[in-house]
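Please read the structure below before turning to the comments.
The values are calculated or read from the model by the stated rules, or taken from the named source; none is laboratory data. No experiment lies behind these values; they were computed from the predicted model shown. Virtual Cβ from ideal backbone geometry, glycine too; neighbours counted across all protein chains shown.
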Amino acid sequence: MTPPVLEVRHLSKVFPARGRLFGRRPPVRAVQDVSFAIQPGETLGLVGESGSGKSTLGRTILRLTEPTSGEILFDGRPVGADDTDVLRRRAQIVFQDPYASLPPKMRVRRILADPLLIHRIVDPSETGSRVDALLADVGLSGEHARAFPHQLSGGQRQRVSIARALAVEPSLVVADEAVSALDVSVQAQILNLMRDLQTERGLAYLFISHDVGVVRYMSRRIAVMYRGRIVEVGPAAEVATAPLHPYTATLLAAVPKLGPKRTVVRVDTDPGAGADLEQGCSYRSRCPMAQDICVTDRPDLVEWAPGRRSACHFAFDMPQRLGAAVPAAGGAS
């Protein structure tokens with residue numbers, strides 16, 4: 001049986017306490033006991049609002065930030081702090097801001113050539129042709145190779161970022177809010193490009209975004225993150241239409257609703273508000289379903305139906321309380 005391209009086991013990242021004028025800030029538990037797996041060629045969407053820990057999780061997986069505890073495996077093999085060279089070949093990241101993530105004083109050709117030479121992907125004599133091929137793969141031409149990043153549009157810069165990620169022939173790409181800084185029309189082009197590249201190259205994606213609609217479009221499965229923890233995982237269509245966690249329902253309710261009056265539903269989703277992280281459910285102070293057990297017992301992320309996991313004591317009560325339709329057991333894929 002083929003192992004997952006990526007497996008994360010009980011991963012945590014805690015930033016230490018820092019001093020301030022009146023006392024000390026408490027430690028920031030950005031990622032807390034997160035576990036999941038991504039199969040070859042699969043897209044797992046990771047959704048949650050700003051501050052939920054999504055980006056920290058992506059950076060920790062790639063060891064751009066060292067984990068506090070937990071285990072990261074690629075192709076079934078643990079990856080430690082001494083394995084970063086291997087990790088850079090296996091996994092790459094596309095950041096939110098393509099202007100900030102590209103070297104401003106390097107031409108595009110050099111930006112794409114460097115990873116090929118550093119990782120010895122091709123013979124130096126073949127670098128030029130490989131750079132041209134990478135540009136063609138992302139819909140750019142040889143003319144763009146001579147440009148500096150500031151001479152390109154936002155969409156073109158993000159295409160260069162994707163080409164740079166593909167240069168080392170990874171099996172996993174972490175897309176960290178990769179389209180959120182782009183215009184809507186350009187977003188659609190980049191999303192379709194990423195899907196095409198996935199089909200052609202068999203890529204796996206960890207697709208991180210605060211936009212539920214974008215995540216649903218890109219992903220086979222969705223994981224919902226709140227205050228550093230995964231609170232729901234399941235097939236994208238089912239999570240988006242029949243959530244098993246109140247926080248997921250809140251995110252869906254916060255999506256703008258367009259109609260004759262162009263109304264927008266606004267929901268308080270401040271990740272800094274809420275309950276004590278050390279005891280009980282961290283979402284309980286804003287949850288319409290909270291009961292006494294939510295104060296004393298933290299719910300585990302458990303399987304409530306095939307392929308559906310939720311960290312809520314009352315996941316199956318949601319259809320009655322929140323008006324969601326939960327699929328019957330056996331209906332999930």
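For the range 189-216, a residue qualifies if it is over 19 Å from D97 (Cβ atoms), more than 14 Å from the chain's Cα centre (by Cα) and of a type in the set (A, V, I, L, M, F, W, C), and the qualifying residues are L197, L203. Looking at the range 87-106, can you tell me whether even one residue there is in contact with a strand residue (DSSP E or B) (Cβ under 9 Å, 6 or more places away or on another chain), loosely packed, with under 14 Cβ neighbours inside 10 Å and in the same structural domain as S171 (by TED's automatic domain parsing)? Taking every residue of the range 87-106 in turn, none turns out to be in contact with a strand residue (DSSP E or B) (Cβ under 9 Å, 6 or more places away or on another chain), loosely packed, with under 14 Cβ neighbours inside 10 Å and in the same structural domain as S171 (by TED's automatic domain parsing).
Residue count for the range 16-38 under the criterion of being out of contact with any Lys or Arg (no Cβ under 8 Å at 6 or more places or on another chain), modelled with pLDDT of 75 or more and among the hydrophobic types (A, V, I, L, M, F, W, C): the result is 4.
Of all residues in the range 185-196, none are surrounded by fewer than 20 Cβ atoms within 10 Å (Cβ to Cβ) and not in a helix (DSSP H, G or I).
Of all residues in the range 72-87, those being outside any helix (DSSP H, G or I) and within 18 Å of the chain's Cα centre (by Cα) number 3. Checking each residue in the range 205-254 for being of a type in the set (F, W, Y) and surrounded by fewer than 24 Cβ atoms within 10 Å (Cβ to Cβ) picks out only Y217. Taking G58 as the residue in question, decide whether it is within 30 Å of L11 (Cβ to Cβ), of a type outside the set (F, W, Y) and at pLDDT below 95. Taking the combined requirement at face value, the residue does not satisfy it. If we scan the range 201-209, do we find a residue that is in a helix (DSSP H, G or I), farther than 30 Å from A253 by Cβ and either at pLDDT below 95 or out of contact with any Lys or Arg (no Cβ under 7 Å at 6 or more places or on another chain) (or both)? Yes - at least one qualifying residue is present in the range 201-209.
Condition check for A165 on (1) more than 24 Å from E7 (Cβ to Cβ); (2) under 17 Å from the mean Cα position of the chain (by Cα); (3) small (G, A, S): one failure, at (1). Checking each residue in the range 62-81 for being surrounded by 15 or more Cβ atoms within 10 Å (Cβ to Cβ), closer than 19 Å to Q92 by Cβ and either modelled with pLDDT under 90 or of a type outside the set (V, I, T) (or both) picks out L62, R63, P67, L73, F74, D75, V79.
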